[in-house]
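Peer 1: Have a look at this one.
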Amino acid sequence: MSATAAFKAAAVQMVSTPKVGENLAAAAKLIARAAEKGAKLVALPEYFCILGMSGTDKVAAREKDGAGPIQEFLSETARRHGVWLVGGSVPLECADPGKVRNSCLVYDSDGRRVARYDKIHLFGLELGAERFDEAKTIEAGTQPCAIESPFGRIALSVCYDVRFPELYRALAPMDIILVPSAFTATTGRAHWETLLRARAIENLAWVLAPAQGGKHQNGRETHGHSMIIDPWGKVVAERAAGPGVVMADIDPQFQAKLRSSLPALEHRVMRDGK
């Protein structure tokens, strides 16, 4: 289903800590602020609930699928404010006791979970003194995910996924692309905005990208610059650093006019020649 009327969407920026309770309290205030300003779709960043001192902290905080304080918080908060709420990523149990699934969870305005997407592409980087290897503590997902909503078709992804356009092509056409993230300061400065705008342009889709943005207790610095991008690739709302809320009006009619003027999605040549 596609939305016909404009609505407000919000991307929440955070600087999460190793303490789950502390992060949930911070998220609650920012979600409330977005709802008070009229947001109907609110998205939290990757690792909103915990950004630990080490990669194993999130394993210790993992929850069973469908039960636990993080998931209860998301459900109750969505219901209380009457918003669709995206939990950027939640550490959920997997078969390997030393790892988690990094799962993006979506709740409707009644607090019902309507989608789970497990991050498929796991970040790895060796650049100077920076070393990241998510595969050590995260089990990769296998299934792309898009859902039908009152706001149109929404494609789910998490952070590093944004570097892989084929993921979104497998789900196209979509109206909105979600990219909750915790980009490093180094890669963020170089690539964040360029990648997000490219995904918007090539799919003629709105991009909602909530991010971690600041200096964390573990010494890591995240890029921030949470943003909302329109289907023409224009950044319509952005926050550089620090906790806060980025909001924009999402206009389906504007998107429809663009797709009519530039029907690039119809012009795609598929591998089978059709």
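The values are calculated or read from the model by the stated rules, or taken from the named source; none is laboratory data. What you are looking at is a predicted structure, and each value in this text was computed from that prediction instead of being measured. Neighbour counts run over all protein chains shown; Cβ positions are idealised from the backbone, glycine included. The area values use the complete protein model at the heavy-atom level, side chains included, leaving out ligands, DNA and RNA. Shrake-Rupley method; radii C 1.70, N 1.55, O 1.52, S 1.80 Å.
Peer 1: Between Arg116, Arg199, Arg79, find the one with the highest GNM mean-square fluctuation for the chain; connect C-alpha pairs within less than 10 Å.
Peer 2: Answer for the Gaussian network model of the chain: Arg79.
Peer 1: Quick one: compute the contact order of the stretch 1-98, relative version, from alpha carbon pairs under 8 angstrom and 6+ residues apart, as a percent.
Peer 2: With pairs under 8 Å counted, the relative contact order is 33 percent.
Peer 1: Please identify the DSSP H helices in the chain that span no less than 20 Å along the helix axis (Cα) and have a mean Kyte-Doolittle hydropathy of 0.5 or more.
Peer 2: 20-36
Peer 1: Cross-link list Lys99/Lys215; Lys19/Lys136; Lys29/Lys234; Lys136/Lys215: which exceed 31 angstrom alpha carbon to alpha carbon?
Peer 2: On the way: Lys99/Lys215 25 Å; Lys19/Lys136 21 Å; Lys29/Lys234 28 Å; Lys136/Lys215 23 Å.
In this structure, not one pair exceeds 31 Å between Cα atoms.
Peer 1: Under a 10 Å cutoff between Cα atoms, tell me which one of Lys58, Lys40, Lys29 has the largest fluctuation in the Gaussian network model of the chain.
Peer 2: Of Lys58, Lys40, Lys29, the most mobile in the Gaussian network model is Lys29.
Peer 1: With a probe of 1.4 Å, find how much accessible area the stretch 1-156 has per residue, and write the answer as a whole number in Å².
Peer 2: 42 Å²
Peer 1: Please report the relative contact order for the stretch 76-139, taking Cα pairs under 8 Å with a sequence separation of at least 6, and give it as a percent rounded to a whole number.
Peer 2: With pairs under 8 Å counted, the relative contact order is 29 percent.
Peer 1: Can you give the log10 of the normalised intensity I(q)/I(0) at q = 0.12, 0.14, 0.19, 0.20 Å⁻¹, computed with Debye over equal Cα scatterers of the stretch 52-173?
Peer 2: Summing over Cα pairs of the stretch 52-173 leads to -0.48, -0.64, -1.08, -1.16.
Peer 1: For the stretch 13-169, what is the charge dipole size about the Cα centre, in debye to the nearest 20, if Lys and Arg each add +1 at the Cβ and Asp and Glu each add -1 at the Cβ?
Peer 2: Values: 21 positive and 21 negative charges, 88 e Å.
Once rounded to the nearest 20, the dipole reads 420 debye.
Peer 1: Rounded to the nearest 500 deg cm²/dmol, what is the calculated helix-only ellipticity per residue at 222 nm for the chain, with -39500 (n - 2.57) per DSSP H run of length n ≥ 4?
Peer 2: Mean residue ellipticity, 222 nm, calculated: -6500 deg cm²/dmol.
Peer 1: Just need the relative contact order of the stretch 202-254 here, percent rounded to a whole number, with Cα pairs under 8 Å and 6+ apart.
Peer 2: For the stretch 202-254, the relative contact order is 30 percent.
Peer 1: Continuing with this model, one more query. For a test of the definition: using alpha carbon positions, the gyration tensor, and the 1.5 limit on a/c, classify the stretch 38-84 as rounded, prolate or oblate.
Peer 2: Taking the square roots of the gyration eigenvalues as a ≥ b ≥ c, the stretch 38-84 is oblate.
Peer 1: Sticking with this one: Which residue, Ala240, Ala35, Ala190, has the most motion in a Gaussian network model of the chain that connects Cα atoms within less than 10 Å?
Peer 2: Maximum fluctuation in the GNM of the chain, among the listed residues, is at Ala190.
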